Every structure is written in structure tokens, then in C-alpha cells.
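Shown next, in C-alpha cells, is the structure this report addresses.
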Amino acid sequence: MTVLTLVPLRTAADFADWFRPGAEYVLRVADGMGLETEGLSAVVDEAEAAMRDDRAGSDVSEPVARVVSSALLADAAFGPPFLEWTPVWYELALAGPTRYADWRLRRVAARYAETLDSVSVPRYSRPRDVLVEGRPATAFVSGFTDRFAFASALLHVEWFAPVAREWGLSLPSGLVERTRRETVELYAGRRSVADLSPDVRRFQRLLFTDETWVRDVDDRYGLDSALFSVWERVLRRERRRFAAE
């Protein structure tokens, strides 16, 4: 089986196994950073149950509508910017499937967002937005693996911050900005892992547990995907890099 198994997904029930690993990721990172998460696990359980029952709109609570819509909208916006960080051959190969998946995610998310005044959607950095010494940051990395790692390190910060805010989680002041700046310096070769601020290093180590999201989605949908295996290996390598003493 391949990622083509995901093509028929249409309903909220279909995407419940997509939502759950992402929700557990948010809770895992938040707990690791010492954020207050009281009550969120119950909301996540309620949200998953609502999705499996295909309940949305006025049939779910405001917290459920917010956690589902914010997570899925953040996922839907992630693909195209991420692909711009990768080699052209990879970007071209996945552009079509990625945009199709994004469209499906937005359609499901819209059902949960319709009762809310607003929902934050991340604005992800593209290579042209991240300059080092006047050059796009991608000029300082080469090859698929390093470009993928750089994109993951930057964009999962930009995914987590607005989703956490929508979920009522409060990150320490300045952490996101410092993490973003130090991460760019690291991958551009201007800083080592040992030189990172301790909280930035811990934050990135936790964020790179998105390898677990990849593995869980692969398992839940029975994909046995070679592509997902590659993603998982790269993410695991980076997590271990940030965890090393």
C-alpha cells in the first residue's frame, strides 16, 4: 500500500485517525515544555469521538470545534510552503497529491470552524522569506535530507505556535522568535546544537517527536509507505541530534 490509500478520505470520520496523532503531538510537546494542559486531554477525546460520529457545527462544543479546526487548517496550509524547501524533483512529484490532501483537510476543518468567530491559520516561511547574509537560507544546505530537516525544524515551530494558542496554551514570551532565529542560524552553519539556548534545544527536541506522528498515521491507515519511512528516519535523526549531550 502507498499514500494513495489516503485519497478516498472525505468525511470527519475518515480523518479522525489523522487528527488524533496530531493532537497527541500537541499535548506531548506542551507537557514537555511544562505548559498548563489541564482539561485538554478530555477535549481531545471528545473531539475524536465527535469526528468518528461525523458530528460538527452546532453538535459540538466550542473547544472541540476549535481544536479540530485549528489543527486541520494548520495541516492543510503546511504542504506547499514545505515543498518549496525541498529539491525541485521532490516538489514536483508531490505537489499534486499535497494540494489535493490540503483541499480535503480544509473541507473537513470548515465544518468545525463555521461556528467560530475566527481560527488562526499559520503563515509558513518559504525560502525567499528566510535570508542569511542576504541569501535564501536554502543556499546553505544541499541534498534532500538536509533540506527536509531544515524545513521541518522551522515549519513545525510555525505550526505549533498558532495551534497551541488556539488550544489555550501559553508559550514563554519570546520562545518562538528565539527558536526560529537560532534554528535558522543552526541549519545555515552559523551555530552548533551545543550553542543553542537550553529551552530552544528542548523545544526542538520535543517538536521533532513528529516522527511519532508520521509513524502513527502510517500505522493507523495501514499505508506501509516507503515515503513515510523516509520522513520518519530524517525526523528521528534530528530528534536525536537535539537530544545528544
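For the stretch 101-136, a residue qualifies if it is buried (at least 19 other Cβ atoms within 10 Å of the Cβ), over 20 Å from the mean Cα position of the chain (by Cα) and more than 26 Å from Gly168 (Cα to Cα), but none of them does.
Gly143 - would you say it is open to solvent by less than 50 Å² (accessible area, probe 1.4 Å) and modelled with pLDDT under 95? Here the answer is yes, as Gly143 does meet what is asked. Residue count for the stretch 75-129 under the criterion of being in contact with a Lys or Arg (Cβ under 9 Å, 6 or more places away or on another chain) and part of a loop (DSSP other than H, G, I, E, B): the result is 7.
Got a sec? Which of Phe78, Phe15 is open to solvent by 40 Å² or more (accessible area, probe 1.4 Å), within 19 Å of Val163 (Cα to Cα) and aromatic (Phe, Trp, Tyr)?
Working: Phe15 fails: open to solvent by 40 Å² or more (accessible area, probe 1.4 Å).
Just one listed residue meets the conditions, Phe78.
Which one is surrounded by the fewest Cβ atoms within 10 Å (Cβ to Cβ), of the residues in the stretch 18-35 that are within 17 Å of Glu48 (Cβ to Cβ) and of a type in the set (A, V, I, L, M, F, W, C)?
Ranking the qualifying residues of the stretch 18-35, first place goes to Leu27.
In this structure, is Arg111 under 13 Å from Ala77 (Cα atoms) and among the basic types (Lys, Arg)? It is false that Arg111 is under 13 Å from Ala77 (Cα atoms) and among the basic types (Lys, Arg). If the condition is being assigned to a helix (DSSP H, G or I) and either in contact with a His (Cβ under 6 Å, 6 or more places away or on another chain) or open to solvent by 20 Å² or more (accessible area, probe 1.4 Å) (or both), then the stretch 160-186 contributes Arg165, Glu166, Val176, Glu177, Arg178, Arg180, Arg181, Glu185. Checked against the criteria, Thr98 counts as open to solvent by 20 Å² or more (accessible area, probe 1.4 Å), under 18 Å from the mean Cα position of the chain (by Cα) and closer than 18 Å to Tyr124 by Cβ.
Just give me the residues in the stretch 225-237 being in contact with an Asp or Glu (Cβ under 7 Å, 6 or more places away or on another chain) and either open to solvent by 50 Å² or more (accessible area, probe 1.4 Å) or closer than 13 Å to Phe148 by Cα (or both), in sequence order.
Hits for the stretch 225-237 are Phe228, Glu232, Leu235, Arg236.
The set of residues from the stretch 49-72 being assigned to a helix (DSSP H, G or I) and open to solvent by 30 Å² or more (accessible area, probe 1.4 Å) comprises Ala49, Arg52, Ser58, Asp59, Glu62, Pro63, Arg66.
Quick check on this structure: which one of Glu38, Glu84 is of a type in the set (Asp, Glu), under 22 Å from Leu206 (Cβ atoms) and more than 14 Å from the chain's Cα centre (by Cα)?
When all the criteria are applied, what remains is Glu38.
For beta carbons closer than 7 Å, sequence separation of 6+ or different chains, a first residue in the stretch 151-168 that is in contact (Cβ under 8 Å) with a residue 40 or more places away in the chain and a second that is basic (Lys, Arg) and buried (at least 22 other Cβ atoms within 10 Å of the Cβ), the qualifying pairs are Glu166/Arg66.
The values are calculated or read from the model by the stated rules, or taken from the named source; none is laboratory data. Computed from a predicted structure; not experimentally measured. Note: ideal-geometry Cβ built from the backbone for every residue, glycine included; neighbour counts use all protein chains shown. Only protein heavy atoms, including side chains, enter the accessible area calculation; ligands, DNA and RNA are left aside. Shrake-Rupley method; radii C 1.70, N 1.55, O 1.52, S 1.80 Å.
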